[in-house]
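Just below is one structure, and these are the notes that go with it.
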Amino acid sequence: MYKIFRALIALLFPALIALLLAAAYLQYHLNRELQLSSPAETFLLSRGTGFSAAVNQAADLGWLSNPQVLKVYGRIFPEKSAIRAGEYRVVAGTRVGQWLKMLRDGETVSHQLTFVEGSTVGQLLDILNNHPLLAEQPVAAGPALWSAIGVEQPLAAQPEGLFFPDTYDFQRGDSPAMLLRRAYQRLIAVLEEEWQSRQLGLPYESPYDALIMASIIEKETGVPSERGEIAGVFVRRLQRGMRLQTDPTVIYGMGEDYRGNIRSRDLRDASNPYNTYRINGLPPTPIALAGREAIHAALHPVAGDSLFFVAKGDGSHQFSATLAEHEAAVRRYQLRRRSDYRSSPKKSGEQH
């Protein structure tokens, strides 16, 4: 029995030594630093790329001196070779094992894109469809947009104004549709939350009506503190059966025909469904992306007696309760415009 045991030891010992040496050799390669040529580099792993192909890609970049060792490692430990596609930022000093863990955990680079308040869907799609980091999977405007982004029962057929303006994280290769779907879901959540806490007695039949109003408020003021007061003017006009008579809706309805100014004939144009100088009530759809503050203002208008407002030329407005007061304000601020007239307030640090 003792002889058999000694024979087994004699057979197994070399194999055990070889195994230990192989493990040490593998660990040595995993502990080596990647051979980057700069302090930080990007490793872009396309969808469908396998472990061996990823190792070859790194070797082609000069990061690895012996890729065959890692390929053997991947075959021995298949659970450690499950890697995720994406864009990775790798810094100098990163060890091979750390890099492989990054690929397994999907520690990809996150980018950001801001949907700006007051933008139209057309402007938003132009940015998304031409973004260099997003997938070349363009989304077209119009009702067909909903099926493209996977929304079966949207709030309205026309997508204008139905995306929440915010900053969204994304990864290289994500689709425009994915970002639009997230922005739509965010809009629905914010609108529902604000609708539930709305004032009573407002002239809206649905949250969508409030969103239309919020989009007008968003376009009418560059001064955040005025949003509630502007909402108050529009709400009182609706309650009294007065037309909104707001230029941004006219401009939106003019589309490409707008050349920087509104003419008298544009205000008389009854064929423009957004011409609030001719139509009663709200326009048929929102005219832009409205932020939470504008939505809140539409649902919490400031009380008062003002029914008119006019731009003062510094980004703010003069509010008036009577037509006579309003006409006087128009003469003061519009007919004799200041030399530095501007429709939006000066930003911090901006020069004259």
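The values are calculated or read from the model by the stated rules, or taken from the named source; none is laboratory data. Keep in mind that what you see is a predicted model, and the values were worked out from it rather than measured. Here Cβ is always computed from backbone atoms with ideal geometry, including for glycine, and neighbour counts include all displayed protein chains. SASA here: full protein model, heavy atoms, side chains in, ligands and nucleic acids out. Shrake-Rupley method; radii C 1.70, N 1.55, O 1.52, S 1.80 Å.
Taking every residue in the range 178-201 that is closer than 14 Å to GLY291 by Cα and pairing it with any residue that is of a type in the set (A, V, I, L, M, F, W, C) and open to solvent by 60 Å² or more (accessible area, probe 1.4 Å), at least 6 positions away or on another chain, the pairs with Cβ-Cβ distances below 7 Å are ILE188/LEU155.
Mind checking which pairs have a first residue in the range 73-90 that is touching a residue at least 24 places away in the same chain (Cβ under 8 Å) and under 15 Å from GLU41 (Cβ atoms) and a second that is open to solvent by 80 Å² or more (accessible area, probe 1.4 Å) and of a type in the set (Asp, Glu), Cβ under 7 Å, 6 or more apart or different chains? The qualifying pairs are TYR88/GLU107. Among residues of the range 218-230 that are in contact (Cβ under 8 Å) with a residue 60 or more places away in the chain, those with a beta-carbon under 6 Å from a residue that is among the aliphatic types (A, V, I, L, M) and open to solvent by 40 Å² or more (accessible area, probe 1.4 Å) at least six positions away or on a different chain give the pairs GLY228/VAL302; GLU229/VAL302.
Residue-by-condition table, conditions (1) farther than 30 Å from ALA58 by Cβ; (2) among the hydrophobic types (A, V, I, L, M, F, W, C):
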position	(1), (2)
SER110	no, no
LEU124	yes, yes
GLU136	no, no
GLN185	yes, no
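Taken over the range 297-330, the criterion of being assigned to a loop (DSSP other than H, G, I, E, B) and either of a type in the set (Phe, Trp, Tyr) or closer than 29 Å to ARG198 by Cα (or both) is satisfied by HIS300, PRO301, VAL302, ALA303, GLY304, ASP305, SER306, LEU307, GLY315, SER316, ALA321, THR322.
Selection of helices (runs of 4 or more DSSP H) fully inside the range 64-147 by the criterion of at least 1 residues being surrounded by fewer than 16 Cβ atoms within 10 Å (Cβ to Cβ) and touching a Pro at 6+ places or on another chain (Cβ under 9 Å) returns 121-129. Here GLY315 meets each of (1) under 22 Å from ILE251 (Cα atoms); (2) touching a helix residue (DSSP H, G or I) at 6+ places or on another chain (Cβ under 7 Å); (3) among the small types (Gly, Ala, Ser) with one exception, condition (2).
In this structure, ASP126 does not satisfy being touching a strand residue (DSSP E or B) at 6+ places or on another chain (Cβ under 9 Å), charged (D, E, K, R) and at pLDDT 95 or above.
Only one entry of THR94, THR167, THR114, THR120 meets the criterion of being closer than 30 Å to ASN66 by Cα and out of contact with any helix residue (DSSP H, G or I) (no Cβ under 6 Å at 6 or more places or on another chain), and that entry is THR94. Test each condition in (1) open to solvent by 80 Å² or more (accessible area, probe 1.4 Å); (2) within 28 Å of PHE170 (Cα to Cα); (3) free of Cβ contacts under 8 Å to residues at least 40 places away in the same chain for SER52 and report the one that comes out false. Looking at each condition in turn, SER52 falls short on (1).
Matching residues to (1) in contact (Cβ under 8 Å) with a residue 40 or more places away in the chain; (2) touching a Gly at 6+ places or on another chain (Cβ under 6 Å):
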{"position": "ARG236", "(1), (2)": "yes, no"}
{"position": "ILE251", "(1), (2)": "no, no"}
{"position": "ARG265", "(1), (2)": "no, no"}
{"position": "PRO286", "(1), (2)": "yes, yes"}
{"position": "ARG292", "(1), (2)": "yes, no"}
{"position": "HIS296", "(1), (2)": "yes, no"}
{"position": "ALA303", "(1), (2)": "yes, no"}
{"position": "PHE308", "(1), (2)": "yes, no"}
{"position": "HIS317", "(1), (2)": "yes, no"}
